[in-house]
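Structure first, then comments.
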Amino acid sequence: MNKLNRNYLNMPLYRAENERRSVENTLALLNKLRKNPVVGYVIFALILTVTQILSSAGLVNSSFVYAIGSTLIFCVVSLGFCLLLGYSALASLGTAGFIGIGAYCTYYCLAEWGLTIGVAFIMSIVIALIVGAIVGYISLRIEGIYLAIVTLGISQIIKEVLAALVDTIKIKGSQITLFGIDSLKLKTESIFYIIVGMMLLLMIITHNIMNSPTGRAMLAMKNSTSAAQAFGISLMKYRLLAFMISIIYAAIAGMLFMLYNRYVSNSSSTLFTLSTSLNILGAVIIGGMKSIWGTVAGTFIIYGIDKMFLQDIEFFRENPTLITLFCGILVVVVIMFYPGGLAQLLMEVKYKVEAFIRKKKEGKYGKDLG
């Protein structure tokens, strides 16, 4: 009997069937991975990591990679603003102030108080949340342009308070303790990997929030406040939640900015001013208010193109306002013709290409076979 079983297992038909099932299972797994957005986020992070490795080997310009790292920091802020504006319909202009809180808290925790990076991370978020809770509880009771005006005023107050504390921030590597290792001289390459890891983590978190009951409640609140209230959704609760999430993202970005740039002067830097908040708003509008990839693309258009490419061209170095003019025109065009941003444009192009291919197949093989 055992001999018969062995002969049956060695039959060509059985082996062919087993191989066919193995191929089908592999294809099903690959198709499942292809449709999983998290895989795309991981691939994006791996590409960024490889870029930094190539830069360390001298194969890629270090200034190019440094510009990518700086842009990724603003991508972190944009992800939080994507939830705030795209899913909750709240237009806040106080983003720059909370970036400043994250940057200053990190500075004092690391340079002045000698705390570890983990403690500095927690304290920066906690302080930003305390300020944000007070601001949000007051300002979120109003809507529209009045909310933007209130948050703008609060951001300016935060900026002036921080400027009164210290005019210049400068962190030396020998003053920082990272992950419990004392006197570690941090290089920008090391911080770049931290930025990429944080970016990947926040992209996954943002994706999960968008597809969770919380994200659907925020979206319902954006589409119709009356309908959302009729279904028992607390407007104040989800508005405050979206506002607090965006504050956490802004504080993290401020911490990363401080670690990556090491030097900020209030007298010359525009990081904590209205222009930062407006640029983040423009990036989210250009890319797509409800799309993670669109938001990242919009941020690279606003912040990345100039630093990564145009700074090497003499004409654009002599005329730095041209990129600002271009971004302003792009925002107007997007609002007029593609309110969903570049994400909407790409989806329309995708559907048109698929319809064109389907029409060609139907013309060649017939409607049933096409």
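The values are calculated or read from the model by the stated rules, or taken from the named source; none is laboratory data. From a predicted model like this one, the values you see are computed outputs, not experimental measurements. Neighbour counts run over all protein chains shown; Cβ positions are idealised from the backbone, glycine included.
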Next item on the list: All but one of (1) under 19 Å from the mean Cα position of the chain (by Cα); (2) farther than 30 Å from PHE81 by Cβ hold for MET308, so report the exception by its number.
Entry: (2)
Checklist line | Scope the range 193-228; condition of a type in the set (Gly, Ala, Ser), in a helix (DSSP H, G or I) and either over 16 Å from LEU84 (Cβ atoms) or free of Cβ contacts under 8 Å to residues at least 40 places away in the same chain (or both); matching residues | finding: GLY197, ALA217, ALA220, SER226, ALA227, ALA228
Note to self: Conditions first: (1) modelled with pLDDT of 75 or more; (2) basic (Lys, Arg); (3) part of a loop (DSSP other than H, G, I, E, B). LYS159 passes all but one, so which condition is the exception?
What the structure shows: (3)
Check: Conditions: (1) modelled with pLDDT of 85 or more; (2) surrounded by 24 or more Cβ atoms within 10 Å (Cβ to Cβ); (3) not in a helix (DSSP H, G or I). SER92 meets all but one. Number of the miss?
Finding: (1)
Next item on the list: Being more than 30 Å from ILE157 (Cβ to Cβ), small (Gly, Ala, Ser) and modelled with pLDDT of 85 or more narrows it down to one of GLY288, GLY298, so name that one.
Entry: GLY288
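Can you tell me which residue among MET255, MET289 is in contact with a Cys (Cβ under 9 Å, 6 or more places away or on another chain) and either part of a helix (DSSP H, G or I) or farther than 23 Å from PRO339 by Cβ (or both)? It would help to see each step written out before you state the result.
Working: MET289 fails: either part of a helix (DSSP H, G or I) or farther than 23 Å from PRO339 by Cβ (or both).
When all the criteria are applied, what remains is MET255.
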Next item on the list: Report, ordered by the first and then the second residue, all pairs with beta carbons closer than 8 Å, sequence separation of six or more or different chains, a first member in the range 114-127 that is under 16 Å from ILE194 (Cα atoms), and a second member that is loosely packed, with under 14 Cβ neighbours inside 10 Å and not charged (D, E, K, R).
Entry: THR116/PHE179; THR116/GLY180; ILE117/PHE179; GLY118/PHE179
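For every residue, the table says whether it meets (1) in contact with a Leu (Cβ under 9 Å, 6 or more places away or on another chain); (2) surrounded by fewer than 11 Cβ atoms within 10 Å (Cβ to Cβ); (3) without any contact (Cβ under 8 Å) to a residue 60 or more places away in the chain; (4) at negative phi.
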{"site": "GLY288", "(1), (2), (3), (4)": "yes, no, no, no"}
{"site": "ILE292", "(1), (2), (3), (4)": "yes, no, no, yes"}
{"site": "TYR303", "(1), (2), (3), (4)": "no, no, no, yes"}
{"site": "ASP312", "(1), (2), (3), (4)": "no, no, yes, yes"}
{"site": "PHE326", "(1), (2), (3), (4)": "no, no, yes, yes"}
{"site": "MET347", "(1), (2), (3), (4)": "no, no, yes, yes"}
{"site": "VAL353", "(1), (2), (3), (4)": "no, yes, yes, yes"}
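Can you tell me which residue within the range 229-252, out of those that are aromatic (Phe, Trp, Tyr) and part of a helix (DSSP H, G or I), is surrounded by the fewest Cβ atoms within 10 Å (Cβ to Cβ)?
Within the range 229-252, the match that is surrounded by the fewest Cβ atoms within 10 Å (Cβ to Cβ) is TYR238.
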Notebook entry, point to check: Quick check: is even one residue across the range 267-276 surrounded by fewer than 18 Cβ atoms within 10 Å (Cβ to Cβ), under 19 Å from the mean Cα position of the chain (by Cα), within 30 Å of TYR108 (Cβ to Cβ) and hydroxyl-bearing (Ser, Thr, Tyr)?
Noted result: yes
Notebook entry, point to check: Just to be sure, is TYR351 of a type in the set (Ser, Thr, Tyr) and at pLDDT 85 or above?
Noted result: yes
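Filter the range 254-271 down to the residues that are at pLDDT below 75 and either among the hydrophobic types (A, V, I, L, M, F, W, C) or within 27 Å of LEU330 (Cα to Cα) (or both) and list them by number.
Step one: of the range 254-271, the residues at pLDDT below 75 are 262-270.
Residues satisfying the conditions are VAL264, SER269, THR270.
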